[in-house]
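Single-structure report; data block below.
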Amino acid sequence: MACRLALHGVEKNHCMELAKSCIDFSLEHLVDRNDGLVIDAIKRDVDHGESTWKPDLVKWTYNTGFAIEALLLWSQLSGSTAYLEIAKKMALAAINKNLALYDQNTPDYENRQWWDSTFFAQHLAEALVLLARALPSTELSHNITAEVGRNLRMYVIDESRLATFNEVFNGSIKRLKPDASERANGEGPIEDRPLIKTMLANSAMARILLCISDLREETKR
């Protein structure tokens, strides 16, 4: 947000200082050095009266997505190629099917999907598309174009879609683990509640498809 405000000339010096501080802090404390992806948070933990800060190592797709977008915007704002290079490396990690953003339940490398829901994955998709558009006709842009838009987590909906997922993607998920966000609110087991698609899920999927369709049209030109 600070980068976007600065790019529009809104309190530019203050927003640039704030953006740089946030980005540098994140790069120092929130990026996993083992794979280059962004963890969710640092949380305060109190044990026997002692207070410490511990990393929350969960890696949601939007964590890395927002980081890529911030790095790209900062490079545009500051002219720094170093931050753009970090964004490119992070993007490569985000589309590496052997790393944490992909569901390793699918044994076939080529068929692996982002493990996260469309609620969050839309932010990673948008960031990757923005980066690809900023780097047209590059190998990274080509790889992003091929990857974004094929990542759907359909195996948490119901038994029929679980079976379809396993058949189409050579999956090995043995039993349904239903996602409450795919069901109506209520009492009782999640899998017994009526299926219901939320406005957030629909809009997220529409956003992903819109982003990737625009990118693919540009790639054809």
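Values in this text are rule-based calculations from the coordinates and carry no lab data. Computed from a predicted structure; not experimentally measured. So basically every Cβ, Gly included, is an ideal-geometry build from the backbone, and we count neighbours across all protein chains shown.
Which of the three applies to segment 138-221, rounded, prolate or oblate, going by the alpha-carbon gyration tensor with a ≥ b ≥ c and a/c under 1.5 meaning rounded? It is oblate, given that a/c is not under 1.5 and a/b is not larger than b/c. Average 1/r across all pairs of distinct alpha carbons in segment 60-172, invert it, and you get the Kirkwood radius: 14.6 Å.
When restricted to Cα atoms, the chain yields an Rg and a Dmax of 19.2, 63 Å, respectively. Residues whose amide H falls under 5 Å from that of TYR102, counting only those 5 or more places apart or on a different chain, are TRP115, with hydrogens built in the peptide plane. Take the Cα of PHE120, step 7 Å toward its Cβ, do the same at ILE173, and the gap between the two points is 1.5 nm. Bridges between two residues of the chain, per DSSP, are antiparallel at a rate of about 100%. For the chain, the longest principal axis of the C-alpha atoms and the axis of helix 12-29 are separated by about 50°. Residues considered: ALA184, ALA41, ALA100. Largest GNM mean-square fluctuation over the chain, using C-alpha springs under 10 Å, is found at ALA184.
Report the FRET efficiency, 1/(1 + (r/R0)^6), for HIS142 and ARG207, where r is their Cβ-Cβ distance and R0 is 22 Å, rounded to 0.05. Once rounded, the FRET efficiency stands at 0.50.
Taking the longest Cα principal axis of the chain as reference, the axis of helix 199-220 is set at about 60 degrees.
Once a ≥ b ≥ c are taken as the square roots of the eigenvalues of the Cα gyration tensor of segment 1-117, is the result rounded (a/c under 1.5), prolate (a/b larger than b/c) or oblate (a/b not larger than b/c)? The shape class here is oblate.
Charge tally around ARG193: other residues with Cβ under 10 Å, Lys/Arg +1 each, Asp/Glu -1 each, net -3. Computed over neighbours whose Cβ is under 13 Å from that of ASN98, the net charge equals -2, Lys and Arg +1, Asp and Glu -1. A simple spin-label model places the labels of THR81 and THR52 4.3 nm from each other, with each point 7 Å out along Cα-to-Cβ. Between helix 81-94 and the chain there is an angle of about 10 degrees, using the helix long axis and the longest principal axis of the Cα atoms. Packing, as the average of other Cβ atoms within 10 Å across residues, places the peptides 44-53, 86-95, 124-133, 208-217 in the order 124-133, 86-95, 208-217, 44-53, highest first. If the segment from ASP192 to LEU7 were pulled out straight at 0.36 nm per residue, it would be longer than the present Cα-Cα gap by 61.7 nm.
Per-residue ellipticity at 222 nm from helix content only, as computed over the chain with -39500 (n - 2.57) for each DSSP H run of at least four residues, stands at -17000 deg cm²/dmol.
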